[in-house]
1. Going by average Cβ neighbours within 10 Å, how do the peptides 109-117, 44-52 rank, with the highest at the top?
2. Based on alpha-carbon centroids, what's the gap between segment 226-263 and segment 202-225 in Å, whole number please?
3. Summing -39500 (n - 2.57) over the DSSP H runs of n ≥ 4 in the chain and dividing by its residue number, what mean residue ellipticity at 222 nm do you reach, to the nearest 500 deg cm²/dmol?
4. Normalised by the residues of segment 133-232, what does the relative contact order come to in percent, with Cα pairs under 8 Å and at least six apart?
5. What dipole magnitude, in Debye to the nearest 20, does segment 17-60 give about its Cα centre under +1 on Lys/Arg Cβ and -1 on Asp/Glu Cβ?
6. Only bridges whose two residues both fall in segment 222-351 count here: according to DSSP, what percent of them are antiparallel, nearest 5?
7. Using unit Cβ charges (K, R positive; D, E negative) and no other charged atoms, how large, in debye to the nearest 20, is the dipole of the chain about its Cα centre?
8. Between rounded, prolate and oblate, where does segment 9-360 land on the alpha carbon gyration tensor, with a ≥ b ≥ c its root eigenvalues, rounded for a/c under 1.5, else prolate if a/b exceeds b/c?
Amino acid sequence: MSGSLFSPYRLGGLELPNRIVMAPMTRARSGEDEVPSDLAPAYYAQRAGAGLIVTEAIQIGPGAKGYSRTPGIHTPAQTAAWSAVTDAVHRRGGRIVAQLWHTGRVSHPMFHGGDRPPAPSAILPADTAIWAVGPDGAGGMVPCVEPREMDRAEIAATVARFAAAAANAVAAGFDGVELHAANGYLIEQFLRDGSNRRTDAYGGSVDNRLRFLTEVVEAVTAAIGAERTGVRLSPLITLKGMSDSDPYGLFTRVVERLQALGVARLHFAEDDWDNGTPLPAEWRKAWRERFSGTIIVAGRYTVDRATALLEAGLVDLVAFGRPFIANPDLPERLRHGLPLAEFRADSLFGGGAAGYTDYPAAGSAA
Ligand SMILES: Cc1cc2nc3c(=O)[nH]c(=O)nc-3n(C[C@H](O)[C@H](O)[C@H](O)COP(=O)(O)O)c2cc1C
């Protein structure tokens, strides 16, 4: 049935066999040099039955990091390791885009040579901690510190790094990129008036707060093409100190801007872990009317909730995050109504194959 989760979809030059996206998920198994683990090709290839895979968030440059053992795509060794991932996914018949991030103030001096992390404004996000591996090798949460305000030169350099990382992603064989403008990281810190108190051209009015995202998108689309560029947004999250005096007004302008810039995909994260709420129906309609590209949603979706939005024509693709961790063949399980396995929470971040590449497909479980 057209509009069903299991119907094909044409995304630019890509033919997706279903409407199921694997949501981006940090799994913290990279080396200290930010080179993805040599288990990453198998992990992603096991999940190649998704219509589209969005990778875990990937650092765009030095100083973009906020958590231990997360990967980058700004050195030749990192880019080469990602080539092995895209190759493995493509050989299994899948499609994969790279999620690119800079974590901004959600970071720690340990990733900045002892300096404070950069942010639009020097505002400490309340109750925010990062996951870090200590000297004893054990992972745990570490509170963030007050960041320092980025100057204009650093903003320009960061924009250029997003474009260079996008170019590296395409060189590594990715089918496109997703810019991480959600979940409280650097781009969203610029967008919201709770985290951006700048008085220069990058703060104040909505247009000014949109300037950083706009410049990043312009630079990335110039480097790799708008048809390969998507953006992830999280209009209703409050985690990591995210707040805004008018989220609907702000994100409506964001959607209008991204339409004007011709980006191919908008991905709304309605829920990050257990923070966030589904978008109100009127917001979905208003943004659908303003954006002609592909709309993806994520956040505790089920087949029924996904199908209702697809059939209403409000979204094109639906992303699943946590269910993909323990169910590498999630699309097949959803299609046939097979039981879903539960993931082991203690192996989400860090470690090796256990809880990463050792979850079997349903057919091979016995
Ligand atoms: C272990 C884990 C890691 C995540 N890492 C990222 C990430 O790197 N980038 C991102 O945009 N969202 C990240 N998310 C959020 C997911 O993409 C998704 O929006 C969220 O899990 C809600 O979808 P679900 O209810 O289907 O899991 C992460 C979620 C989990 C559970």
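1. On the way: 109-117: 15.3, 44-52: 23.9.
Averaged packing, sorted descending, gives the order 44-52, 109-117.
2. One Cα centre to the other: 11 Å.
3. Values: 11 runs with 112 residues, N = 366.
The helix-only estimate for the chain comes to -9000 deg cm²/dmol at 222 nm.
4. Numbers: 95 pairs, mean separation 31.2, N = 100.
For segment 133-232, the relative contact order is 31 percent.
5. On the way: 4 positive and 5 negative charges, 77 e Å.
Value, rounded to 20: 360 debye.
6. Working: 1 of 13 bridges.
Of all bridge pairs located within segment 222-351, approximately 10 percent are antiparallel.
7. On the way: 36 positive and 40 negative charges, 98 e Å.
Result for the chain is approximately 480 debye, rounded to the nearest 20.
8. Working: a/c = 1.42, a/b = 1.11, b/c = 1.28.
Rounded, since a/c falls under 1.5.
None of the figures in this text is laboratory data; all of them are computed from the coordinates on show. Owing to the predicted nature of the structure, the values given are computational and were not obtained by experimental measurement. For neighbour counting, all protein chains shown are included, and Cβ atoms are generated from backbone atoms with ideal geometry for every residue, glycine included.
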